[in-house]
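To start, the structure under review is shown below, and the notes come after it.
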Amino acid sequence: RIFFAGDHDGIGNIYSCDLEGNDLKQHTFHDDLYVRNPQSDGCTIVYQKGGDIFKYSIENNDIEKIDIDLPSPFRQLGPKMPVLKKHLETIDIHPSGSSCLAVSRGKLFSFSHWQGGVRSFGDSNGRVRYRLPCWMNDGDRFVAVTDESGEEELCVFSTDRTCKPLVLN
């Protein structure tokens, strides 16, 4: 028999026919996603359906989903930059007009208007909230209100990140 993927009934499944092209038989009966990329060793057909891998035993006429456990670098657990435009609270333009400060969901960011990525400032684990950032005239430092000590205070940040925020009392 010749086995192949076809969509005779509207959704791609595994079919077979004899060498003359007669005696068509359907072997898989998926009704949601197409069978893709079938490969065989003559006894088993392995194929993809959506994000899953299946194997079809020609001899037993059995279908089995193959569970695949891929080790992960756990990127999904790493820090994520929020979508600024959805939760934008405050924005301040750099004195030269070349970049902005922004607060989104209590996190503090700076970004250039033309090149480079978004840079975050301050506490990144979510325990501290920032608000009302404002560039200082020198363009190398900015001030923001923080609740790091439990009370609202002004904090001075340096854009080159060489110093930690200085709390003004």
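The values are calculated or read from the model by the stated rules, or taken from the named source; none is laboratory data. Quick caveat, the model's predicted, so the values are computed rather than measured. Glycine gets a Cβ as well: all are built from the backbone with ideal geometry, and neighbour counts include every protein chain shown. With ligands, DNA and RNA removed, areas are computed over all heavy atoms of the protein, side chains included. Shrake-Rupley method; radii C 1.70, N 1.55, O 1.52, S 1.80 Å.
If I filter segment 98-153 down to residues being out of contact with any Lys or Arg (no Cβ under 9 Å at 6 or more places or on another chain), among the small types (Gly, Ala, Ser) and assigned to a loop (DSSP other than H, G, I, E, B), which single residue comes out as nearest to residue 86 (Cα to Cα)? Taking the candidates together, the pick is 117.
Checking each residue in segment 102-152 for being in contact with a Phe, Trp or Tyr (Cβ under 6 Å, 6 or more places away or on another chain), among the hydrophobic types (A, V, I, L, M, F, W, C) and open to solvent by less than 50 Å² (accessible area, probe 1.4 Å) picks out 102, 103, 108, 121, 135, 142, 144. Pairs linking a residue in segment 120-148 that is in contact (Cβ under 8 Å) with a residue 12 or more places away in the chain to a residue that is assigned to a loop (DSSP other than H, G, I, E, B) and among the aliphatic types (A, V, I, L, M), with Cβ atoms under 7 Å and 6 or more positions apart or on different chains, are 122/128; 142/136; 143/136; 146/128; 147/128; 148/128.
Scanning segment 12-43 for residues that are surrounded by 16 or more Cβ atoms within 10 Å (Cβ to Cβ) and not hydroxyl-bearing (Ser, Thr, Tyr) returns 12, 13, 14, 27, 30, 35, 38.
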